[in-house]
């Protein structure tokens, strides 16, 4: 059994890791830390775990964490980077769900996250953890930087188009919507049921922290000679708990020579265990992936004009965070990629 | 008091008309028809109307309706067109909330609504009822075709940009989301709480009936010499009851000569009683217009690139249907434009 | 115009007072206070008020408030009692929406609210503001203590039964459920959309602060010689924003001599503008009172056994708080009781 | 592998059976029937099953079903009873999720279900499938009648009190609330998102079909000499998809000799894999059992008066239907009782 540690287990990605790992056939969580809740049984905080998880939260401690085979960071940005050098020095491998090691340029990171990066020297060692185009690098990684929730849905949707350089990459439009778990488990007025319920609104239309990550990752997909991806990204807040839906609009570079898009998408993802291309004409729904690690995708070409529409849905806590982290762990340790992740979405 | 008739009062636009008109200081509903519910008190079907509306549904009858000063059609498409010649012949004025008289080209209408238009000769008499750019024509109209809910939100958001010919009108991207009342009050499985609740999905990505109406109306706003508006329109279904949110993406024809967009929007709508331009940087929310006739709008230019983002929200049953219909009535009869509509949105 | 002041306008009862009073034909809000938000336009915080309310929040100040004809307290408990002596001394009349003056016994109050009452000498002057059985006293009151939301729904449901001493008053069972606005507008984790949404739970089963208020008020309704009301009260939290539903179970003292309950209820409330007894067999729904000051009630006698079931619904922010406060104001100042309150509930 | 057939797989209990059985280590669904959808892949109807279930719906056929080791009926009432004689004659065992074989008295069944029972001679062979007090009988059963969702939550909550004859069994009060999946997957207006969303109401206060089942089952728990259980049962409809919450009120026969209720409940359920007694003072939440087969229970004695309050929550589709059916199958076939059911509830 792989021994797993979790740093920062009180947030929603923490409890989601526990939900998945507590049933994983080849991994066992042996330590979970939280300064604020040290000493408290995890199942007191998250009663769904009663009978499944017997651990108590403990103070974070590098020595204890270092005895694990792998450590997940389920912390806000700024935490992982400070513990990372000491932790990696113990020889354990790390999967960071936070934003700390996603952006290769520490200056760019500092600008969007309003703080100096605490550990720029390790950024280059981090592998960006999207299995669908980084699988080989992930196998060897000591440090995996798991992508953000919006970036995951968006990258998977655009991957076939950008790899083939089929669209005007400088004017990508990404209209996305997320359930409120994306904002974490903090007592902010804006995310009260009474404020965020029965409501829909855009936010961050002027600039969202996921923008530089999205642009960097899309550029990584592009073949040499493509014009670097540039996106207009408007996220919206849904009156829901889980789920991300991304609607991406891209203009064909040459509408006359476009390949069959349905076939293109189906072929590209044929061997991917967690990407499902819907039949032509069917729209994916967030509920069809609730609690599962699946990303479901559709592609349309409305009125046969030159704008292509890609729809992609994920559960932001699963494929958008903790599920993808477990998928990365499976790849790193040579396990079946769907170990612990072979779950049917909860519908209805 | 203006005597009002309502045809087809059992749907959501019908009950919304009654909510508004029952408190209107200068109008009185005297007849409301429904074949299916004839003889039943309206307040038995909609218990919020108990104590406010004493009418019973009656069979539709042109003679009785013809005694009204104005008749609203709150019917599915295909109904108003058949009654219209006889009804207009009585001299009453008509406000049609359905799609029957919105599209000027009966061939185009037939293609999108899958039936031959029953009364093409009256289409040219219909005034398209968006007060914000049709106010003068509405005053004189015998027949007003109220716009659809999506088209209303979209038109108001694009009006300042298209009137000034500032954007690439051939590649407009409209990403919109609606509460489930947009689908009406019919027992369809897809709109059960258990299916549409806790879910988000696009629909009609391949082509939605509001598309020809949107394109026609946007072209009507454009000055001579503009390239005719062409839109990619993807609607989404929200797990909510009321509210439409439209996020519109338009590329500047010349980003270097763009005027101050905030000022442009504020000036354009300065005298409009039901359009509210939000302060710069503030995102409108659907809950801020729930139950009110207001449209709230914001405009952004993300990263100062050449794509402009306009956000607009309305209550689909109010400004998107029955409220706008009452606003049209007020204009037609020379009343204060906000008579019966001076309502604060229900928040929280 | 009656000049109105509001103390503590940033909470949900504050914005609800503004929604109602901004359209009141004979009252005008002239001052609204908030220490935290002083200087900020009210409509910046609550965007539904844009175009309807031009006031800014100000620091609370007895002199300014004292110039009002009436002052509403929309504050947490413990605030009104400290300002009350100075404020009443100015001659203004006061309507307190908080719990400060509801309980006649200051010891009892202290026990449930965990603090000593700051102004016990004024408690006896307070009139408990349920118009349905206190109308005459309210007319003369200098200080009205508005009832809590749960107590309002419960009292109206039990009034006909207790006045007639028809039920075992020592074993009343009250099972009630509330939308999350009942918890106020504070950033507590438990009331996040992600915690309180898609969930239902009881709370306070061991004892809720409204219990002593409920028992005191029910006893006030009972004729001499009745056994003092004693209740088991279990509130529940609904995944909704507005609405209270109370299901009350009372055993008939003598099932054989029970009067016709439907007729009893209809007669008792025949002249009440804000109590609506539903037709026999119809269940009231919270949505039928959303945004309105109405209480709708049904009474059942399942299987003709000796347990009577009363169902009552209100909007907790309207009849359960701010609407009832305005109703009390109307009574105090001799206005039409429904002035400013003649609103149709927002359905759907 | 146990070969499983499912009759009537298009409803919510059908898809829930597939979610659970598709991951069951020792069972395999080999046939699933639906007259309406015959020929259609199951995963076309329920897209969460894409990649997990490859079956198509087929016409129901006794010969094919008879080759299964066990057949589940996930049909509306009235269907199973007609197929049952022929099916049992094949030697297969049957687990009926419908109401057909729950009530021992066919006259009583006929009265509440408005039809004559089609197979009264087999009723006596049916074992009522609540493992917590019928485990031994279930092991041998050829035909298990799975309890209804409300009855399951209610029985588990009252079991310790009734077995010990501690409460006034003639005046039990049961106030319960259910998510909308309880009403099934049919296109009824009342269960539209626009009708059942953002709303709370009682229904069936005058008498609900689960009443006779509840009373029969509670009486089965009572020791000889107890007064037969009689309940007042008021169900409510929650604006949610899954979940049942039952709040049960029972008066102590002798408050002075009551045992420690917390200990009583903990001991009674100590060995039950799917009943979890919460720590004293903690209220169970529906979300803590979403998608799991667990029932969580709390017991309170408010103000130490003589009324006992029991709170119990289940997922109506899992422990309230399909999960309990699988639990029964596991018992019938000598498998680990939690095989295929060792699932963590989806929270948040």
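The values are calculated or read from the model by the stated rules, or taken from the named source; none is laboratory data. Please read these numbers as outputs of a predicted model, since none were measured by experiment. Because the Cβ atoms are built from the backbone with ideal geometry, glycine has one as well, and the counts that use them run over all protein chains shown.
Screening residue B:280 on (1) assigned by TED's automatic domain parsing to the domain that holds residue B:20; (2) over 17 Å from residue B:149 (Cβ atoms) shows it passes everything except condition (1). Entry remark, segment B:141-185: residues being in contact with a strand residue (DSSP E or B) (Cβ under 9 Å, 6 or more places away or on another chain), assigned to a loop (DSSP other than H, G, I, E, B) and closer than 20 Å to residue B:96 by Cβ number 5 in total.
When the test is whether a residue is away from chain B (no Cβ under 14 Å), in contact (Cβ under 8 Å) with a residue 24 or more places away in the chain and touching a strand residue (DSSP E or B) at 6+ places or on another chain (Cβ under 7 Å), residue C:69 passes it.
Remark: residue C:43 falls outside the filter, which requires a residue to be surrounded by fewer than 22 Cβ atoms within 10 Å (Cβ to Cβ), under 23 Å from the mean Cα position of the chain (by Cα) and without any contact (Cβ under 8 Å) to a residue 12 or more places away in the chain.
Across segment A:212-239, the number of residues qualifying as crowded, with 21+ Cβ neighbours inside 10 Å and at the interface with chain B (Cβ under 8 Å from one of its Cβ atoms) comes to 6. Restricting D:177, D:145, D:137 to residues that are surrounded by 24 or more Cβ atoms within 10 Å (Cβ to Cβ) and either modelled with pLDDT under 95 or not assigned by TED's automatic domain parsing to the domain that holds residue D:206 (or both) narrows the list to D:145.
Quick check on segment C:99-107. Is at least one of its residues assigned to a helix (DSSP H, G or I) and modelled with pLDDT of 95 or more? Taking every residue of segment C:99-107 in turn, at least one turns out to be assigned to a helix (DSSP H, G or I) and modelled with pLDDT of 95 or more.
Being buried (at least 16 other Cβ atoms within 10 Å of the Cβ), assigned to a strand (DSSP E or B) and either in the same structural domain as residue B:326 (by TED's automatic domain parsing) or on the phi < 0 side of the Ramachandran plot (or both) is a description that applies to residue B:29. Residue check: residue D:51 meets all listed conditions (1) away from chain A (no Cβ under 14 Å); (2) more than 19 Å from residue D:181 (Cα to Cα) but one, namely (1). For residue B:281, the conditions (1) within 25 Å of the chain's Cα centre (by Cα); (2) within 16 Å of residue A:202 (Cβ to Cβ) all hold with the exception of (1). Total residues in segment B:272-303 satisfying the condition of being touching a strand residue (DSSP E or B) at 6+ places or on another chain (Cβ under 7 Å) and either more than 7 Å from every other protein chain (Cβ to nearest Cβ) or under 20 Å from residue B:249 (Cβ atoms) (or both): the figure is 19.
Considering only residues in segment D:58-82 that are assigned to a loop (DSSP other than H, G, I, E, B) and in contact with a helix residue (DSSP H, G or I) (Cβ under 6 Å, 6 or more places away or on another chain), the one that is surrounded by the most Cβ atoms within 10 Å (Cβ to Cβ) turns out to be D:74. The numbered conditions (1) facing another protein chain (nearest Cβ under 7 Å); (2) in contact with a strand residue (DSSP E or B) (Cβ under 7 Å, 6 or more places away or on another chain) are all true for residue D:194 except (2). State which residue is nearest to the chain's Cα centre (by Cα) when the search covers only segment D:240-256 and only residues that are at the interface with chain C (Cβ under 9 Å from one of its Cβ atoms) and over 21 Å from residue D:290 (Cβ atoms). Top of the filtered list is D:249. Only residues that are closer than 19 Å to residue A:93 by Cα, out of contact with any strand residue (DSSP E or B) (no Cβ under 6 Å at 6 or more places or on another chain) and modelled with pLDDT of 95 or more were counted across segment A:1-13, and they come to 1. When residue B:35 is tested against the conditions (1) modelled with pLDDT under 95; (2) within 29 Å of residue B:139 (Cα to Cα), the lone failure is (2). When residue A:348 is tested against (1) part of a loop (DSSP other than H, G, I, E, B); (2) within 10 Å of another protein chain (Cβ to nearest Cβ); (3) within 30 Å of residue D:182 (Cβ to Cβ); (4) without any contact (Cβ under 8 Å) to a residue 60 or more places away in the chain, exactly one condition is not met: (4). Among the residues of this structure, residue C:116 counts as one that is without any contact (Cβ under 8 Å) to a residue 60 or more places away in the chain and part of a loop (DSSP other than H, G, I, E, B).
Conditions (1) surrounded by fewer than 22 Cβ atoms within 10 Å (Cβ to Cβ); (2) under 22 Å from the mean Cα position of the chain (by Cα), marked per residue:
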{"residue": "D:262", "(1), (2)": "yes, no"}
{"residue": "D:271", "(1), (2)": "yes, yes"}
{"residue": "D:275", "(1), (2)": "no, yes"}
{"residue": "D:323", "(1), (2)": "no, yes"}
{"residue": "D:342", "(1), (2)": "yes, yes"}
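Taken over segment D:308-331, the residue count meeting the criterion of being touching a residue at least 24 places away in the same chain (Cβ under 8 Å) and assigned to a helix (DSSP H, G or I) is 13. Checking C:204, C:182 one by one, the residue that is within 14 Å of another protein chain (Cβ to nearest Cβ), surrounded by fewer than 24 Cβ atoms within 10 Å (Cβ to Cβ) and closer than 27 Å to residue D:239 by Cα is C:204 and no other. Looking across segment C:82-97, the residues that are without any contact (Cβ under 8 Å) to a residue 40 or more places away in the chain and on the phi < 0 side of the Ramachandran plot come down to C:82, C:85, C:86, C:87, C:89, C:90. With respect to the conditions (1) buried (at least 23 other Cβ atoms within 10 Å of the Cβ); (2) over 30 Å from residue A:183 (Cβ atoms); (3) touching a helix residue (DSSP H, G or I) at 6+ places or on another chain (Cβ under 8 Å); (4) not assigned by TED's automatic domain parsing to the domain that holds residue D:275, residue D:310 falls short on a single one, namely (4).
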